[in-house]
Amino acid sequence: MTDVQTRELPAGRTTGRNVGRPIDRVDGTAKTTGAARYAAEYPYPGLTHAALVHATISRGRITSVDTAEAAAVPGVLAVITHLNAPAMKPPPPVSPLNLSTLVSGTTVNYLNTDEVHWDGQPVGVVVAETREAALRAAALVRVGYRELPATVDFAAGQGDARPEKSSPIQPGAVAKGDAAAAIAAAAVSVDVRYTTPPHHHNAIEPHATTAVWDGDRLTVHEGSQSIAWMRSHLALRFGVPAAGVRVISPYVGGAFGGKGMVWAGTVLTVLAARVTGRPVRLALTREGVYRTVGGRTPSAQRVALGASADGALTGLIHTSVTRTGRVGGMPEQVTSASRHLYDVPNITLQQATVPLDLLSNTAMRAPGESIGTFALEAAIDELACELDMDPILLRMRNEPARDPVDGKRFAHRMLREAYALGAERFGWPERTPRPGSMRDGKWLVGMGVATAYHPSWQFSANVTVRLAADGTVVVRCGFHEMGMGGATAQAQIAADALGVPFEAVRVEYGDSDLPTGPAAGGSAQTASVAAGLLAACEKLKRSVLALARRSGDSPLRGRRPHDLQARDGGLWAGASGPGETYAAILGRAGRASVEARVGSDTRAGEILGQAKFIAKFLRDRRRWVKAACGAQFCEVRVDSDTGEVRVSRWVGSFDVGTVINAKTTAGQLRGGIVMGIGMALSEETLLDPRTGRIMNPNLAEYHVPVHADIPPIDVHYLNEPDPTMPLGLIGVGEVSITGVAAAISNAVYHATGKRVRDLPITLDKLL
Amino acid sequence: MVEIHLRVNGVTRSLDLEPWVSLLDALRERLDLTGTKKGCDQGACGACTVLADGERINSCLALAVQYAGREITTIEGVAHPLQAAFVRHDGLQCGYCTSGQICSALAMLAEHRAGAPSAVTGDPAATGVELSRAEIAERMSGNLCRCGAYNGIVSAIQEVAEMETAR
Ligand code: FES
Ligand code: FES
């Protein structure tokens, strides 16, 4: 697979007529007319509605359940608790041999246990004819508990954090040289602590599931970032063959990591449908999402830096503490960008985690990097101030030629160019360095800058491509569309690879009955599918050529695959040589269509695909450091009376390799910056430190950015291919949130002279 | 149960429902008009925005019975250049806030035409206030977009507003 894409690279670049263009997203009309149906919007005859009952203690055991009142609500069909729920298989332990085991949101076997592990854990599900009746009845289920001591407060629990071990996926500690000694001996140094609060994804579509059983066959409508793993997970939990489980997910109303795992709502909807024998829909309330779907871990970080008087870094220490749930979650790679950003002889990195009696944490847009770059890039700014040096100059002074930790080559790194472009567009030279020196009436104006950095990944993807005699093409791959424009991008890629018009390509996705696609995570989906798609197109063209060569009349007789160009709806020998259209070749051969396939969905195929992925991953990793990077520039205006911070200008300049679709890429880059602005200034999930209960589980009290908070965001990209990636593309979903909070906090310092090291930067912290 | 007649997108539909059913649930669950979205069910996100006699309301905060006899327009009943402008300017990603953004914007444009000021309008009594980006953003701030498609949404609305003024 890899070889094919590498060979494809030059051709893809030179013949690209669709790749790079700002083509409108293909699902735009469906989404602007209300025709697009999301998970909770599939009508079924006899459809019923479910609602969850949540535990109100942090940890303990259920001692009594009274469902009498709930069951008496008119329209209620079933009240399911651990007392009457059928047995399910527990979530499987994580196994590297079966990556779908990564998808369990928690280790809890819901309603198959009397144990409570977090405040909010579902302890019952009610099914009724209407949603109103289900919600009403759920509120009437009375549950008694015996409470057990619980540790829920992150601030108090940090002392118990354990250092993380490294794994092949998550490199852990770094101890290169003696950073502490270097910093102690440095001419200039800073040593600072930063904290970030928990965050929640808050996709505007709350999680919803519609589940329908037909014997042992199960259909699930769900907005998901990992339909194939969800299928495996549900098959295992309910003891049915995976082949009979279908997860359908053509539209996902935002996800950002929150729809990557299988959470309680999904499992319990399927369970409720099993119990009642009816189709069941569970549309979580917004509060229900907060109670049952994990969010981003809080963090406490320390960054210490030492430099010579001319700004050469001599030591870097970055340590972090984050939390998981005792029932699941993952350590975040908080220090990952610190491995790669600066050429420092002495580096110490260490991440630690503490498990708490809370719901598992989960990935949220750039897990680790988004909060890690806040601390690192704010500390760099603090050092620049100590050095009395321009912060961009300081960064460029320490830009490494090779990876600072292990000397590997960067597959691609154009951070200097990104800074140069961004600085020019932003007008950085107009900035006067002294804090508070750029006042405009009552507004204190500040300008800040920070580096964005996110590793680039690529998973395996099975793809089929079918070319019909009329010249139309169908691409099939079970990938995910949460708003990134995946179908549009893949149609552009297929159109160029086969030399057909963009309009001739239809892309099918979001259905687990399709060839297995990659999970949508790690900003890897576009590249992963592209690799499979390009390989499938190559195969397809060879099959078509073979068909043509069978005929004595074909002008392609005697031609080899590498002599040919795919263009104008056919294969041609070079730019002006003879050739013929696909329609002519298929027509002569009497074929309605030709299909090519990459990857296999059999169990053996799955294992092989996984093994290939891991082999490629490890090989790549030995050779290169692969990442997207960029420079974030912002201007803030701080109200000198109230401390209110407004973001007034933004320029983001990114190195994300080849851009497939100029329009949707710009949108995704902006979207990350918007979420970063929320992280910097307003977003914070508040937990009661005694119970761990989330106190603001709604959009009224968890403040995501609104229209008025967002200035025009000027995004630029260098559009230079990464030679190690398919078509040279690097994923763009996450890099643009990284560095945002740091750029803002640096700008706020520049405006006010105050360093706020504790996100979000709310006005009370500035007064 | 109450029997009501709801006029939705120009068609009268009769419904038997409990008096506590929200207009949003009546549209989505009873009439299968799922273009109107539910993001919070408590008036905080704007995804459920529909037009009632041309004015924007959060249908999650409205009881269906209150709107009997009113003219309700949902996204399914909208055919307006703004929809194409949203696609052209990429004022959407996941699409889940989009119906609400579009319905909200249509009413907002009408409010502006009628001379309604916003919090950023310098002189509330002024007439013919220019629909700047800041004005649009302020007036659209009840409609959240977590995908962060705000810039594209504002551009789409501004383009359509300019087209309308030019006419
Ligand atoms: S669903 Fe009505 S405002 Fe959010
Ligand atoms: S397009 Fe996804 S929330 Fe607006």
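General observations
- Among the residues of this structure, residue B:71 does not count as one that is closer than 22 Å to residue B:52 by Cα, surrounded by fewer than 17 Cβ atoms within 10 Å (Cβ to Cβ), in contact (Cβ under 8 Å) with a residue 12 or more places away in the chain and not assigned by TED's automatic domain parsing to the domain that holds residue B:46.
- Among the candidates A:546, A:489, A:495, A:536, residue that is in contact with a Pro (Cβ under 8 Å, 6 or more places away or on another chain), in a helix (DSSP H, G or I) and of a type in the set (A, V, I, L, M, F, W, C): A:495
- Criterion: out of contact with any Lys or Arg (no Cβ under 9 Å at 6 or more places or on another chain) and over 24 Å from residue A:626 (Cα atoms) - qualifying residue of A:435, A:391: A:391
- Qualifying positions in segment A:703-751 - surrounded by fewer than 24 Cβ atoms within 10 Å (Cβ to Cβ), of a type outside the set (Val, Ile, Thr) and part of a loop (DSSP other than H, G, I, E, B): A:703, A:711, A:712, A:718, A:719, A:720, A:721, A:723
- Identity of the residue in segment B:58-69, at pLDDT 95 or above and over 11 Å from the mean Cα position of the chain (by Cα), that ends up farthest from ligand 1 (Cβ to nearest atom): B:65
- Residue, nearest to ligand 2 (Cβ to nearest atom), within segment B:41-59, restricted to residues that are surrounded by fewer than 24 Cβ atoms within 10 Å (Cβ to Cβ) and among the hydrophobic types (A, V, I, L, M, F, W, C): B:44
- Restricting segment B:74-84 to residues that are away from ligand 1 (no atom under 16 Å from the Cβ) and in a loop (DSSP other than H, G, I, E, B), the residue that is nearest to residue B:2 (Cα to Cα): B:78
- Segment A:237-252, residues that are of a type outside the set (A, V, I, L, M) and in contact (Cβ under 8 Å) with a residue 40 or more places away in the chain: A:237, A:238, A:239, A:246, A:249, A:250, A:251
- Scanning segment B:138-167 for residues that are closer than 22 Å to residue A:256 by Cβ and of a type in the set (Gly, Ala, Ser) yields B:141, B:142, B:148, B:149, B:152.
Here's the yes/no breakdown for (1) among the β-branched types (Val, Ile, Thr); (2) within 30 Å of residue B:27 (Cα to Cα):
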site	(1), (2)
A:23	yes, no
A:27	no, yes
A:38	no, yes
A:44	no, yes
A:49	no, yes
A:59	no, no
A:64	no, no
A:73	yes, yes
A:91	no, no
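- Checked across segment A:348-360, the condition of being more than 26 Å from the chain's Cα centre (by Cα) and part of a strand (DSSP E or B) holds for at least one residue.
- Condition met for residue A:265 (buried (at least 24 other Cβ atoms within 10 Å of the Cβ) and either within 22 Å of residue A:518 (Cα to Cα) or away from chain B (no Cβ under 14 Å) (or both)): yes
- Count of segment A:330-340 residues which are surrounded by fewer than 24 Cβ atoms within 10 Å (Cβ to Cβ) and under 25 Å from residue A:184 (Cβ atoms): 2
For every residue, the table says whether it meets (1) outside any helix (DSSP H, G or I); (2) under 29 Å from residue A:661 (Cα atoms); (3) over 12 Å from the mean Cα position of the chain (by Cα); (4) within 16 Å of ligand 1 (Cβ to nearest atom).
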site: B:72; (1), (2), (3), (4): yes, no, no, yes
site: B:86; (1), (2), (3), (4): no, yes, yes, no
site: B:92; (1), (2), (3), (4): yes, yes, yes, no
site: B:101; (1), (2), (3), (4): no, yes, no, yes
site: B:105; (1), (2), (3), (4): no, yes, no, yes
site: B:109; (1), (2), (3), (4): no, no, no, no
site: B:117; (1), (2), (3), (4): yes, no, yes, no
site: B:123; (1), (2), (3), (4): yes, no, yes, no
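- Checked against (1) in a loop (DSSP other than H, G, I, E, B); (2) more than 14 Å from chain B (Cβ to nearest Cβ); (3) not hydroxyl-bearing (Ser, Thr, Tyr), residue A:654 passes all but condition (1).
- Boolean, residue B:109 is away from chain A (no Cβ under 12 Å) and either out of contact with any strand residue (DSSP E or B) (no Cβ under 6 Å at 6 or more places or on another chain) or of a type outside the set (Lys, Arg) (or both): yes
- Residues that are in a loop (DSSP other than H, G, I, E, B), of a type in the set (D, E, K, R) and within 27 Å of residue A:255 (Cα to Cα) do not occur anywhere in segment A:752-766.
- Strands (runs of 3 or more DSSP E) wholly inside segment B:2-57 that include at least 2 residues being away from ligand 1 (no atom under 16 Å from the Cβ): B:2-8, B:11-17
The values are calculated or read from the model by the stated rules, or taken from the named source; none is laboratory data. Note that this is a predicted model, so its numbers are computed, not measured. Reconstructed Cβ throughout: ideal geometry from the backbone, glycine too, with neighbour counts over all protein chains shown.
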